[in-house]
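For reference, the structure discussed in these notes is given below.
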Amino acid sequence: MSFRQGRLSEASRLVPEEVPVAFSYGGSTHAVMMATPSDLVDFAYGFSLAEEIIRLSEDIVAVESVEAGAGIDVQVTLKDSTADALTARRRKMAGPVGCGLCGIESIEQAARQVAKVPEPLPWLSADHVALAVRMLGDAQKLNRGTRAVHGAGFYRPARGLIALREDVGRHNALDKLVGSIVREGEAARDGAVVVTSRLSVEMVQKTAILGCPVLIAISAPTALAIDTANEAGMTLIGIARGDEFEVFTRPDRFMSGEAAHVA
């Protein structure tokens, strides 16, 4: 039912799926989250990289998605040395020492240090930022139908938005995007990650792990996200709507000139 012009009437609406998705390594479940059940192979790669279970895409041998009651079990097979390292990590984590956050052992690790991102190619301009955000919105088919999912895209000048992933969770969407970029072997330093969500510290951390020097969002960052972006040497752009935005870190990278229009 919908309420319009003062009256209730019959109506229908497309809504996104949200199911439990588990990631299992060596037959043991590592984490379970609510997610949109699409692009699960990309999700597995991006999640594994963000959780520092793997360092390279080659560390994963195979990914299989298995129906598991009301959810999906994503079973990830690691190469032997990577699997051994994860087993050792699990042994170390065993015991009542956690702070309740997935995959970490202490409060300090929640704000873990990030490596410096590489210097981007000299392409960043105001027109590029506006174009990246507009292309992300235009490409979000699932959100256009549901108005209920986040999007994460990768923009490269002269090529436009070359990858897009959507999910009910903003972290999930970014993990899926990271996985797709890693699997395709795209050079992350040559473009920008653009997202529809606010900029929490996790979004900065995931982008830094990818090695992308520019992160753009339609909403604002947190204080810790700004500090972390500064530490990583990342250009952090928020509240990007239309042709207006705010640059929170590394504004020195902006160049004059208009962006090249892409199809």
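Counted as qualifying within segment 1-97 are the strands (runs of 3 or more DSSP E) with 2 or more residues that are among the polar types (S, T, N, Q) and over 29 Å from Ala188 (Cβ atoms), namely 28-35. Looking across segment 154-163 at every residue that is touching a helix residue (DSSP H, G or I) at 6+ places or on another chain (Cβ under 7 Å) and not in a loop (DSSP other than H, G, I, E, B), the one that is nearest to Val193 (Cα to Cα) is identified as Phe154. Residues that are closer than 21 Å to Ser180 by Cβ and more than 17 Å from the chain's Cα centre (by Cα) within segment 147-161 comprise Pro157, Ala158, Arg159, Gly160, listed in sequence order. Could we say that Gly211 is outside the structural domain of Arg55 (by TED's automatic domain parsing) and over 10 Å from the mean Cα position of the chain (by Cα) here? In short, yes. Return the residues of segment 2-40 that are at positive phi, outside the structural domain of Ala85 (by TED's automatic domain parsing) and not small (Gly, Ala, Ser); say none if nothing qualifies. Gln5, the sole residue that qualifies.
The requirement of being in a loop (DSSP other than H, G, I, E, B), modelled with pLDDT of 85 or more and basic (Lys, Arg) is fulfilled nowhere in segment 117-138; no residue meets it.
Residues that are of a type in the set (A, V, I, L, M) and farther than 30 Å from Val61 by Cβ occur at least once in segment 179-192. Taken together, the criteria place Asp42 among residues that are at pLDDT 95 or above and surrounded by 18 or more Cβ atoms within 10 Å (Cβ to Cβ). Scan segment 58-79 residue by residue and report those that are more than 25 Å from Glu17 (Cα to Cα) and of a type in the set (Ser, Thr, Tyr). Of everything in segment 58-79, just one residue is more than 25 Å from Glu17 (Cα to Cα) and of a type in the set (Ser, Thr, Tyr), namely Thr77. Annotation for segment 163-178: no member residue is hydrophobic (A, V, I, L, M, F, W, C), more than 21 Å from Ala232 (Cβ to Cβ) and in contact with a Lys or Arg (Cβ under 8 Å, 6 or more places away or on another chain). Of the residues making up segment 136-153, those that are out of contact with any helix residue (DSSP H, G or I) (no Cβ under 9 Å at 6 or more places or on another chain), crowded, with 16+ Cβ neighbours inside 10 Å and without any contact (Cβ under 8 Å) to a residue 60 or more places away in the chain are Ala139, Gln140.
The values are calculated or read from the model by the stated rules, or taken from the named source; none is laboratory data. Here the structure is a predicted model, which means the values were calculated and not measured. Positions of Cβ are backbone-derived with ideal geometry, glycine not excepted, and every protein chain shown enters the neighbour counts.
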